[in-house]
Amino acid sequence: MDIKLRLTPRGQWIDATVSQGTTLEALYRQYEKELPYTILAAKVNYRLESLNYPLEEPCQVEFLDMRTQAANLVYQDSLCLLYLKAIYDVLGDVEVDIENALNKGLYTEIRTNTPVSEEQVQQIALQMKRLVDQDLPFQKEEVSEQEAREIFIRSGQPEKIELLLAESSRQEEGAKGQKPAHGARTAGRKIPFYSLDGYKDFFYGIMAPSTGYLQLFQVIKYRRGVLLRFPHPSAPDKIPAYVDEVMLYKTFGEQNRWGKLMKVDYVSDLNKVIENGQYKTLIQLSEALHERRIVEIADMITQQKKRIILIAGPSSSGKTTFAQRLCIQLRVNGLDPLYMGTDDYFVEREDTPLDEYGEKNYEDLEAVDIHLFNQNMNDLLAGKEVDLPTFDFLEGHKKFGKRIMSIGPKQPIVIEGIHALNEGLTPEISHDEKFKIYISPLTQLNIDSHNRIVTTDHRMLRRMVRDYKYRGHSAQSTIASWPKVRAGEDKNIFPFSNEADVLFNSVHLYEICVLKKYAQPLLEAIGPDEPEYSEAVRMLNFLRFFRTIEDDSVIVNNSILREFIGGSIFVD
């Protein structure tokens, strides 16, 4: 049987011949020596499949390693199941929460009568290594609803009962006529589980074939919990350098407290709020918490008499709305901030650096006229009249004479830009003048105690809706460009998050339920013959757990969410 095969992303298609029924794993083993990294899954005719998938007819196959988001999530889910099994072997039936991304890994908490010890953490890591050495299979199997209930009760996961059984009753919604998605209810009221050496749990993603694929991981005791670390997509063959993201840890803790204040810990809790018609109160409370935090930041800036306010964050964090709302609160404090971005300080088009593919690179710091920016900011601080540039993106040159400005002796400048936290952008400006703010939507809400909501998925939903509404871009376009966006963030934004004086969490607990109404039809419009299809299916599988908030009229017009769904007073 003839197939088309692509061994690596961006690689060339080659012709291959396989016997009918050959699994993707068997095909992978034929080419393993030619591949730079371990393959974890594959796209078959643009649909994501596990390596256990048998090839029954001519098709095209694209192998995926950890450089792709899909394979990275396969590794994470498989590693989490391995981790949970090892905890069960070492500590027995204890509750475990896999909470959020932190310190280049996942932050988890093991609920025991006394805090888990360093010795116990080491025993868990050793057991994980033993299980990897045994190369045990991850087996997908179906269990009855009654057995599912017993498993969840025994493992202290009652939230899964409500979520899965309620979700299964509406499974056909948005299914696009495909075969049942991962986690879908099947005939005879069965629930699909993954099993590892007798230990069963539910994960809505797919798994690696066996534990032998999980050679790289690190388990570290961290504060009240345990860090589960693994390779980053930028370097799939090693554990990344450890960075203690203290501010991020505190922010997730704050978000957790906000969730408890709103009585929403998991998606099942959120769905109840929507079903009971109480979501309008939740929206108002969430907006009030945002406003209080912005007031606190404005007060810090005022008290410290800072004049250069630098705001940065990854794509779709809500930077524009946050900056405008911060300016309003600074005015309440008697200040009159000047708001500006760094896009007008691009170097001339002919001086723009090139990326590894020979294309113009507008993301790196070298694309910014750093000296002119610093000179202008220092002159403004000194009370001088400054001719600020306006960048003409059609011609690729800065224009002058349109914005001649000066500011008062106490007037701050609020600056938004992807490099704002990087000292390389402001080397000539006094440190005493600068106040740095990192902004990102960091959700502590998870699907259940073992299936977390990936922040990058949350941001991509925001961007997808905004791109379609304001920029005329399809969901395919957003999905296709997302890996490049993420690579730019990994290089230019995330490494500098610890440089911030404060972190603003721009997430709303309810917002995926609002975004679903806008994003779902865009994702469903992506057909099975399009390269972005597998990612669309994955996102739809994720969205199916959320009830939809159809009436979003209660969301105020200065909400960060309005920047993406429309109706914002700050975004045209």
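State whether one or more residues within region 118-132 are in a strand (DSSP E or B), touching a residue at least 24 places away in the same chain (Cβ under 8 Å) and under 24 Å from Leu35 (Cα atoms). Checked region 118-132: no residue is in a strand (DSSP E or B), touching a residue at least 24 places away in the same chain (Cβ under 8 Å) and under 24 Å from Leu35 (Cα atoms).
Can you name the residue in region 513-568 that is assigned to a helix (DSSP H, G or I) and open to solvent by 40 Å² or more (accessible area, probe 1.4 Å) and is also nearest to Gln69 (Cα to Cα) among such residues?
Of region 513-568, the ones assigned to a helix (DSSP H, G or I) are 513-524, 533-543, 562-565.
Within this subset, residues satisfying the condition of being open to solvent by 40 Å² or more (accessible area, probe 1.4 Å) are 517-518, 521, 524.
On the way: Lys517: 24, Tyr518: 23, Pro521: 22, Glu524: 20 Å.
Going through the qualifying residues, I end up with Glu524.
Out of the residues in region 418-443 that are polar (S, T, N, Q) and open to solvent by less than 20 Å² (accessible area, probe 1.4 Å), state the one that is farthest from Asp77 (Cα to Cα). Steps first, please.
To start, the set of residues in region 418-443 that are polar (S, T, N, Q) comprises 422, 426, 430, 440, 443.
Filter once more, keeping what is open to solvent by less than 20 Å² (accessible area, probe 1.4 Å): 426, 440, 443.
Details: Thr426: 40, Ser440: 23, Thr443: 18 Å.
Per the stated criteria, the residue is Thr426.
The number of residues in region 288-306 that are assigned to a helix (DSSP H, G or I), open to solvent by 40 Å² or more (accessible area, probe 1.4 Å) and within 20 Å of Gln411 (Cβ to Cβ) comes to 6. Considering (1) assigned to a loop (DSSP other than H, G, I, E, B); (2) of a type outside the set (S, T, N, Q); (3) touching a residue at least 24 places away in the same chain (Cβ under 8 Å), the lone condition that Ala323 does not fulfil carries the number (1). Residue pairs whose Cβ atoms lie under 6 Å apart, sitting 6 or more positions apart in sequence or on different chains, and linking a residue in region 473-485 that is open to solvent by less than 50 Å² (accessible area, probe 1.4 Å) to a partner that is in a helix (DSSP H, G or I), are Ala475/Met464; Ala475/Leu522; Ala475/Leu523; Thr478/Arg463; Thr478/Met464; Thr478/Asp467; Ile479/Glu535; Trp482/Met460. Cβ-Cβ contacts under 6 Å between residues 6 or more apart (or on different chains), taken from a first residue in region 37-55 that is within 20 Å of Arg10 (Cα to Cα) to a second residue that is among the β-branched types (Val, Ile, Thr) and modelled with pLDDT of 95 or more, are listed as Leu40/Val74; Ala41/Val74; Ala42/Val61; Val44/Val61.
Out of Glu350, Glu363, I need the residue that is assigned to a loop (DSSP other than H, G, I, E, B), modelled with pLDDT under 95 and either open to solvent by 20 Å² or more (accessible area, probe 1.4 Å) or more than 24 Å from Gly408 (Cα to Cα) (or both). Which one?
Numbers: Glu350 fails: assigned to a loop (DSSP other than H, G, I, E, B).
Residue meeting the stated conditions: Glu363.
All conditions but one from (1) open to solvent by less than 90 Å² (accessible area, probe 1.4 Å); (2) under 15 Å from Arg307 (Cα atoms); (3) touching a Gly at 6+ places or on another chain (Cβ under 7 Å) apply to Pro409; the one that does not is (1).
Arg403 falls short on exactly one of the conditions (1) within 21 Å of Ala323 (Cα to Cα); (2) in contact (Cβ under 8 Å) with a residue 24 or more places away in the chain; (3) surrounded by 12 or more Cβ atoms within 10 Å (Cβ to Cβ), and that condition is (2). Open to solvent by less than 40 Å² (accessible area, probe 1.4 Å) and either of a type in the set (Asp, Glu) or within 21 Å of Leu227 (Cα to Cα) (or both): is that true of Ser117 in this structure? No.
Here is a check on your reading of the model: is Glu395 in a loop (DSSP other than H, G, I, E, B) and touching a helix residue (DSSP H, G or I) at 6+ places or on another chain (Cβ under 6 Å)?
Judged against the criteria, Glu395 is not a match.
Among the residues that make up region 251-266, is at least one of them farther than 21 Å from Arg452 by Cβ, of a type outside the set (S, T, N, Q) and crowded, with 18+ Cβ neighbours inside 10 Å? If you could, list the steps in order and put the result at the bottom.
Step one: filter region 251-266 for residues farther than 21 Å from Arg452 by Cβ, giving none.
No, because not a single residue in region 251-266 is farther than 21 Å from Arg452 by Cβ, of a type outside the set (S, T, N, Q) and crowded, with 18+ Cβ neighbours inside 10 Å.
The values are calculated or read from the model by the stated rules, or taken from the named source; none is laboratory data. Please read all numbers here as calculations on a predicted model, not as lab measurements. Glycine also receives a Cβ, built like all others from the backbone with ideal geometry; neighbour counts cover every protein chain displayed. Quick note on the areas: whole protein, heavy atoms, side chains included, nothing else; ligands and nucleic acids left out. Shrake-Rupley method; radii C 1.70, N 1.55, O 1.52, S 1.80 Å.
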